[in-house]
Amino acid sequence: MDYISTRGKIAPVGFIDGVLMGLADDGGLLVPKQIPQLSEATLNAWQQLSYPELALELFSLYVDGEIPREELKQLVDESYGTFRDDEVTPVRRVNNGLHILELFHGPTFAFKDIALQFLGNLYAYISKKHNSTIHILGATSGDTGASAIEGVRGKEGIRICILHPHGKVSKVQELQMTTVDDANVLNLSVDGNFDDCQRIIKELFADVNFKQQYHLRAINSINIARILAQTVYYFYAYFQLAKQGQGEKVNFSVPTGNFGDIFAGYMAKRMGLPINKLILATNENNILERFVTEGVYQPGEFRGTHSPSMDIQVASNFERYLYYLNGEDAGIVSGLMDDFKRDGRIVIAGEALRQVQADFAAYGVQNDECLSEISSCYKEYGYLLDPHTACGVAAAHRFTAEDEVTVALSTAHPAKFDEAIRILDIKQTAPAQIQALSDKPQFQTRVTGTNEAVSEQLVRFF
Ligand SMILES: *Cc1c(COP(=O)(O)O)cnc(C)c1O
């Protein structure tokens with residue numbers, strides 16, 4: 001299968017080259033040239049598959065023979081064999097209208113593991129095939145870094161350096177990253193905030209000589225392999241409900257910041273999965289909600305919330321949706337992205353806005369509503385939500401009609417965000433793996449927030 005750019009200015013590439021490219025060389029995002037279409041017969045047959053079997057079928061469509069099926073199967077089995085639940089992503093019934101899709105049973109207790117366990121193994125596979133070392137460079141506000149490090153620690157042919165803002169990630173997130181003592185991992189604790197880390201990374205990637213000399217690769221959510229891996233659980237969850245005769249009107253409510261998770265759901269729908277509504281849940285950083293309700297995509301002022309992994313103003317995956325919204329016309333997308341660069345906003349109106357509103361319902365959850373959702377769900381059902389998941393559940397309540405079922409995606413284990421849970425005076429016992437972290441030594445190097453300081457560390461490490 002060929003992958004092309006949303007801006008149309010690169011020659012088509014295959015799956016592996018697409019994964020290695022990350023961001024398209026013309027500044028756009030990679031998308032499959034054609035989205036595979038699944039028949040009703042295929043969907044019916046797939047209902048019986050286990051999570052890894054289903055992942056193998058879906059990945060096969062996109063890998064399109066570039067990795068022999070047996071080897072792909074091995075990659076998939078290794079990636080999902082690390083999950084603590086036999087079902088990988090189990091669906092829990094809360095009440096007649098609400099189910100929760102638990103995506104946090106991977107090594108770092110957040111849903112990023114689903115894509116990054118696979119991407120880590122895929123990078124190791126590619127390194128071996130190409131007989132060259134892959135250097136991964138990334139910035140994190142917490143979850144992605146922990147998950148990416150866990151995905152590649154100790155793997156031959158891979159070195160990874162993750163920048164995080166010093167003192168500005170949660171304690172659990174910091175420990176998950178810095179207690180890893182494998183020699184192929186470097187944690188840089190940067191004086192500054194997440195935006196500083198992100199800017200340094202962007203500028204180092206933009207230095208073409210540096211990028212080529214060190215074979216720098218990205219792990220952020222614009223990588224097409226991450227989106228692909230995230231489509232699997234939409235199918236899996238839908239099938240679990242369909243098997244119980246509840247496949248008629250199934251909505252998905254998705255806590256999203258970078259538009260990555262919800263875009264995976266949109267892809268699943270375009271492949272033919274009969275999803276009823278896609279509900280986009282955000283927090284007080286509600287740029288995506290404003291886009292869906294008003295047609296204006298414009299970053300607002302940054303707000304710190306109880307769901308920090310969604311404290312994002314510019315949604316890096318959004319361009320992929322713009323591409324499909326505009327009839328797969330790369331010229332229109334390039335124009336819109338130029339508008340965004342020039343005016344700081346994108347405006348959609350008329351028929352296109354009606355299409356947006358047909359594709360998504362959206363709701364930005366305020367801080368107090370997030371907390372009261374955690375509290376009421378705990379009281380009524382004895383189910384403890386993490387604050388990101390609580391945003392999804394609040395949006396699910398708002399948009400689930402009488403005859404519908406909503407699957408709310410649970411993107412993190414509540415123990416990972418105990419700061420919010422403690423405000424409610426709810427005491428939880430952290431899983432043993434999280435408790436054990438505080439006894440381990442930490443490995444990290446503190447650096448000033450400049451390109452020079454970071455590249456000096458990188459040159460020494462790589
Ligand atoms: C990353 C993250 C999200 C948002 O995912 P997107 O890719 O931005 O859609 C939501 N919840 C948690 C816990 C996360 O780590």
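The values are calculated or read from the model by the stated rules, or taken from the named source; none is laboratory data. Predicted model only: the values in this text are computed from it and were never measured. Virtual Cβ from ideal backbone geometry, glycine too; neighbours counted across all protein chains shown. Ligands, DNA and RNA are stripped out before the accessible areas are found, and what is left, the full protein with its side chains, is counted by its heavy atoms. Shrake-Rupley method; radii C 1.70, N 1.55, O 1.52, S 1.80 Å.
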(Q) If I filter region 70-113 down to residues being touching a Ser or Thr at 6+ places or on another chain (Cβ under 7 Å) and assigned to a helix (DSSP H, G or I), which single residue comes out as farthest from the ligand (Cβ to nearest atom)? (A) Leu72
Q) With respect to Gly192, is the statement that it is surrounded by fewer than 23 Cβ atoms within 10 Å (Cβ to Cβ) and more than 15 Å from Phe443 (Cα to Cα) true? A) yes
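I'd like to check which helices (runs of 4 or more DSSP H) are fully inside region 355-439 and have at least 2 residues that are open to solvent by less than 30 Å² (accessible area, probe 1.4 Å) and within 13 Å of the ligand (Cβ to nearest atom). Walk me through it before giving the result.
Details: elements: 367-381, 387-399, 418-423, 432-435.
Passing ranges, in order: 387-399.
Kindly establish whether Asp191 is modelled with pLDDT of 90 or more and farther than 30 Å from Asp86 by Cβ. So that I can check it myself, show each step before the final result.
Working: modelled with pLDDT of 90 or more: yes; farther than 30 Å from Asp86 by Cβ: yes.
Judged against the criteria, Asp191 is a match.
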Q. How many of the residues in region 277-298 are open to solvent by less than 50 Å² (accessible area, probe 1.4 Å) and not in a loop (DSSP other than H, G, I, E, B)?
A. 12
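Is it the case, given these coordinates, that Ile4 is in contact with a helix residue (DSSP H, G or I) (Cβ under 9 Å, 6 or more places away or on another chain) and assigned to a strand (DSSP E or B)?
When the stated conditions are applied, Ile4 passes them.
What's the total number of residues in region 30-51 that are over 19 Å from Tyr123 (Cα atoms) and either within 21 Å of the chain's Cα centre (by Cα) or not in a helix (DSSP H, G or I) (or both)? Step through it out loud before you land on a result.
So in region 30-51, the residues over 19 Å from Tyr123 (Cα atoms) come out as 31-51.
Checking which are either within 21 Å of the chain's Cα centre (by Cα) or not in a helix (DSSP H, G or I) (or both) leaves us with 31-39, 47-51.
So the count comes out to 14.
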Q) Among the listed residues Val447, Val459, which satisfies the condition of being within 14 Å of Leu204 (Cβ to Cβ), under 28 Å from the mean Cα position of the chain (by Cα) and β-branched (Val, Ile, Thr)? A) Val447
Q. If you go through region 331-341 one residue at a time, do you hit one that is open to solvent by 20 Å² or more (accessible area, probe 1.4 Å) and either assigned to a loop (DSSP other than H, G, I, E, B) or in contact with a Pro (Cβ under 6 Å, 6 or more places away or on another chain) (or both)?
A. no
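Quick one: in region 207-233, of everything that is among the hydroxyl-bearing types (Ser, Thr, Tyr) and at pLDDT below 90, which residue is surrounded by the most Cβ atoms within 10 Å (Cβ to Cβ)? Step through it out loud before you land on a result.
First, the residues of region 207-233 that are among the hydroxyl-bearing types (Ser, Thr, Tyr): 214, 221, 231, 233.
Among the residues that remain, those that are also at pLDDT below 90 are: 214, 221.
On the way: Tyr214: 19, Ser221: 22.
Checked region 207-233; the qualifying residue surrounded by the most Cβ atoms within 10 Å (Cβ to Cβ) is Ser221.
This table checks each residue for (1) modelled with pLDDT of 95 or more; (2) open to solvent by 60 Å² or more (accessible area, probe 1.4 Å); (3) more than 24 Å from Thr389 (Cα to Cα).
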residue	(1), (2), (3)
Ala41	yes, yes, yes
Trp46	yes, no, yes
Leu54	yes, no, yes
Ser60	yes, no, yes
Val76	yes, no, yes
Asp85	yes, no, no
Pro90	yes, no, no
Val94	yes, no, no
Q.
Yes or no: region 13-34 includes at least one residue that is within 13 Å of Ala225 (Cα to Cα) and surrounded by fewer than 16 Cβ atoms within 10 Å (Cβ to Cβ).
A. yes
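Please work out which residue is nearest to the ligand (Cβ to nearest atom), limiting yourself to region 258-274 and to residues that are part of a loop (DSSP other than H, G, I, E, B) and open to solvent by 10 Å² or more (accessible area, probe 1.4 Å). Walk me through how you get there before you give the answer.
Here is the first cut: in region 258-274, the ones part of a loop (DSSP other than H, G, I, E, B) are 258-259, 271-274.
From what is left, the residues that are open to solvent by 10 Å² or more (accessible area, probe 1.4 Å) are 258, 272, 274.
Working: Asn258: 3, Gly272: 22, Pro274: 22 Å.
Here the answer is Asn258.
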Q: Return the pairs, sorted by first residue and then second, in which the second residue is open to solvent by 50 Å² or more (accessible area, probe 1.4 Å) and not in a loop (DSSP other than H, G, I, E, B), the first residue lies in region 37-51 and is farther than 13 Å from Lys269 by Cα, the beta carbons are less than 6 Å apart, and the residues are 6+ apart or on different chains.
A: Gln47/Lys243
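Quick check: anything in region 299-309 of a type in the set (Val, Ile, Thr), surrounded by 15 or more Cβ atoms within 10 Å (Cβ to Cβ), out of contact with any Leu (no Cβ under 8 Å at 6 or more places or on another chain) and over 20 Å from Leu278 (Cβ atoms)? Explain how you work it out, then say what you get.
Residues of region 299-309 of a type in the set (Val, Ile, Thr): 305.
Filter again for surrounded by 15 or more Cβ atoms within 10 Å (Cβ to Cβ), leaving 305.
Narrowing the set further to residues that are out of contact with any Leu (no Cβ under 8 Å at 6 or more places or on another chain) leaves 305.
With over 20 Å from Leu278 (Cβ atoms) added as a condition, the list becomes 305.
Checked against the condition, which is being of a type in the set (Val, Ile, Thr), surrounded by 15 or more Cβ atoms within 10 Å (Cβ to Cβ), out of contact with any Leu (no Cβ under 8 Å at 6 or more places or on another chain) and over 20 Å from Leu278 (Cβ atoms), region 299-309 yields at least one hit.
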Q. Looking at Asp403, is it touching a residue at least 40 places away in the same chain (Cβ under 8 Å) and farther than 27 Å from Ser170 by Cβ?
A. yes
**Q.** In region 392-408, the residues that are out of contact with any His (no Cβ under 9 Å at 6 or more places or on another chain) and not polar (S, T, N, Q)
**A.** Gly392, Val393, Ala394, Ala395, Ala396, His397, Arg398, Phe399, Ala401, Glu402, Asp403, Glu404
Q) Of everything in region 133-165 that's within 14 Å of the ligand (Cβ to nearest atom) and in a strand (DSSP E or B), which residue is modelled with the highest pLDDT? A) His164
Q) In region 280-287, is there at least one residue being away from the ligand (no atom under 15 Å from the Cβ) and within 30 Å of Glu40 (Cβ to Cβ)? A) no
